[in-house]
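Q: If you scroll down you'll find the structure; I have some questions about it.
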Amino acid sequence: NNTKAFEFLGNSLTYDPKSAKTILAAGSIIQDNQDMDVALVKYRVAAVQTPNSAQLWNNIGMCFFGKGKNVAAVACLKRAVYFTPFEWIISYNLGVVHLATGQYASAFHYFSTAINL
């Protein structure tokens with residue numbers, strides 16, 4: 001239940017408002033509810049604490065994809081791959097973005113990578 005989880009995360013943030021993991025989790029729930037702008041604000045706070053987090057950059061990339069900003073999405077997702085090259089979901093997301101933009105060869109490359117990880 002996302003509502004209950006979000007409530008617990010809010011309580012956690014009252015004790016430690018700079019907890020990157022908690023902010024990332026809250027941003028992910030917000031992102032699941034299609035509020036990309038608010039999620040990006042949360043992720044900006046988390047990026048100060050953990051600028052090298054692949055999960056963070058993956059989520060930021062998919063927020064940009066949700067907003068239709070595909071160049072920014074690819075840039076963020078490639079940064080995520082740089083930090084964690086063997087995380088299949090990042091390669092999958094890169095495949096999704098490339099497929100949506102009609103870059104079929106690149107989409108195939110990233111989908112193949114995701115399958116083989």
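Q: Only helices (runs of 4 or more DSSP H) wholly contained in region 56-117 count here; list those with 3 or more residues that are at pLDDT 95 or above and under 18 Å from residue 34 (Cα atoms). Before the answer, list the steps.
A: Details: elements: 70-83, 88-100, 104-116.
Hits in region 56-117: 70-83, 88-100.
Q: Among the numbered criteria (1) out of contact with any helix residue (DSSP H, G or I) (no Cβ under 7 Å at 6 or more places or on another chain); (2) assigned to a helix (DSSP H, G or I), which single criterion is violated by residue 51?
A: (2)
Q: Of the residues 45, 38, which single one is touching a residue at least 24 places away in the same chain (Cβ under 8 Å), farther than 21 Å from residue 88 by Cβ and either among the β-branched types (Val, Ile, Thr) or buried (at least 23 other Cβ atoms within 10 Å of the Cβ) (or both)? Don't jump to the end; show me each part of the working.
A: Values: 38 fails: touching a residue at least 24 places away in the same chain (Cβ under 8 Å).
One residue alone meets the criteria, 45.
Q: Now a separate question. Might you check whether a residue that is of a type in the set (A, V, I, L, M), in a helix (DSSP H, G or I), in contact with a Ser or Thr (Cβ under 9 Å, 6 or more places away or on another chain) and at pLDDT 90 or above occurs anywhere in region 15-22?
A: Start the filter on region 15-22 by keeping residues that are of a type in the set (A, V, I, L, M), which leaves 20.
Okay, now just the ones that are also in a helix (DSSP H, G or I), so 20.
If we keep only those that are in contact with a Ser or Thr (Cβ under 9 Å, 6 or more places away or on another chain) as well, we get 20.
Keeping just the survivors that are at pLDDT 90 or above gives none.
So far as region 15-22 goes, no, none of its residues is of a type in the set (A, V, I, L, M), in a helix (DSSP H, G or I), in contact with a Ser or Thr (Cβ under 9 Å, 6 or more places away or on another chain) and at pLDDT 90 or above.
Q: A further question on this structure: In region 27-47, what residues are outside any helix (DSSP H, G or I) and either hydrophobic (A, V, I, L, M, F, W, C) or closer than 18 Å to residue 72 by Cα (or both)? Please lay out each step first, then the result.
A: Keep residues of region 27-47 that are outside any helix (DSSP H, G or I), which gives 33-35.
Selection gives 34, 35.
Q: Continuing with this model, one more query. How many residues does region 51-71 contain that are more than 12 Å from the chain's Cα centre (by Cα) and surrounded by 15 or more Cβ atoms within 10 Å (Cβ to Cβ)?
A: As a first pass, look at region 51-71 and keep what is more than 12 Å from the chain's Cα centre (by Cα): 51-52, 67-71.
With surrounded by 15 or more Cβ atoms within 10 Å (Cβ to Cβ) added as a condition, the list becomes 69-70.
Looking only at that region, the number is 2.
The values are calculated or read from the model by the stated rules, or taken from the named source; none is laboratory data. Not measured: the values here are computed from a predicted model. Every residue, glycine as well, gets a Cβ built from its backbone with ideal geometry; the counts of neighbours run over all protein chains shown.
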